[in-house]
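Participant: Please see the structure below; I have some questions.
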Amino acid sequence: MYIKTKAIVVSSIKFRDADLIVKCYTKSKGSISFMVKGVLKSKKGKLRPAMFQTLNLLDIEFQHREKGQLEYLKEVKISEHLNSIQSDIYKSTLVMFLSEILKSVIFEEEPNPNLFDFIENSIQHLEQTKHYANFHISFLVNLSTYLGFAPHKPVQSNEVYFNLNEGYFETTENKYSMCLENSSLFLQFLNHTLERNQLIKMNKKNRQELLNLILVYYQLQIEGFKNPKSLEVIESIFN
């Protein structure tokens, strides 16, 4: 059965001399890996290596076979050119970070259209915006909703400490709590949209601390989750 669907490139790995193994998150079939044969050496083929850059937005067609096998692409079209992301070193670094996150948290082969739309909309926003210092933090906070462990907002005004283990705000501090300042910043991210989150005022120390705490939250909620290798680069460039 041939399937036509939107797809997002999560990762692309060289295989042998001329092939790529490309992991995509598709709107209609979830996470699928493709073997793209000869793409690194072919000069006349319809498929080009540039099509499979990280987080590219694609329209694809493929013959869907049994689960667990590498699939083969019949048609690939770039649905939206990400010129700003590819030319801006800061945005490119964010894309590398997001790709590592997505590789760590997306496993299912079942479709999740809402998750797909969120990732696609986030990439489109990053492409278009000129303000993105808080983008990765906002992305992680919102992504948790689609992964099933959305933080709960406080119910009462005296619930001011966010518990990383339980996922909700409490009145008292314990070993899993964010401090008062970080809890307050975190709540702002919960209350605002992706666009509004860029207006949250943070210095380098605030941003690094909050990012690392959110990654701890992911570690506590997802078994085997590891910090992205690009974390150090992210922390060094976003002041």
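The values are calculated or read from the model by the stated rules, or taken from the named source; none is laboratory data. What you see is a predicted model, and the numbers here were worked out from it, not measured in a lab. For neighbour counting, all protein chains shown are included, and Cβ atoms are generated from backbone atoms with ideal geometry for every residue, glycine included.
Participant: Determine the pairs where a residue that is farther than 21 Å from residue 202 by Cα, located within region 128-153, has a partner that is modelled with pLDDT under 95 and buried (at least 22 other Cβ atoms within 10 Å of the Cβ) with Cβ atoms under 6 Å apart, the partner being 6 or more residues away or on another chain.
Facilitator: Every condition considered, no pair remains.
Participant: Got a number for residues in region 69-116 being surrounded by fewer than 17 Cβ atoms within 10 Å (Cβ to Cβ), of a type in the set (Asp, Glu) and touching a Lys or Arg at 6+ places or on another chain (Cβ under 8 Å)?
Facilitator: 2
Participant: Just a yes or no: is a residue in region 179-195 assigned to a loop (DSSP other than H, G, I, E, B) and buried (at least 18 other Cβ atoms within 10 Å of the Cβ)?
Facilitator: Scanning region 179-195, I find no residue that is assigned to a loop (DSSP other than H, G, I, E, B) and buried (at least 18 other Cβ atoms within 10 Å of the Cβ), so the answer is no.
Participant: Out of everything in region 162-188 that is closer than 15 Å to residue 212 by Cα and of a type in the set (Phe, Trp, Tyr), what residue ends up being nearest to the chain's Cα centre (by Cα)? First the steps, then the outcome.
Facilitator: Of all residues in region 162-188, those closer than 15 Å to residue 212 by Cα come to 162-165, 176-179, 181-183, 185-186.
Next, only the ones that are of a type in the set (Phe, Trp, Tyr) stay: 162, 176, 186.
On the way: 162: 23, 176: 25, 186: 18 Å.
Here the residue is 186.
Participant: So which residues in region 79-91 are under 18 Å from the mean Cα position of the chain (by Cα), polar (S, T, N, Q) and at pLDDT 95 or above?
Facilitator: 84
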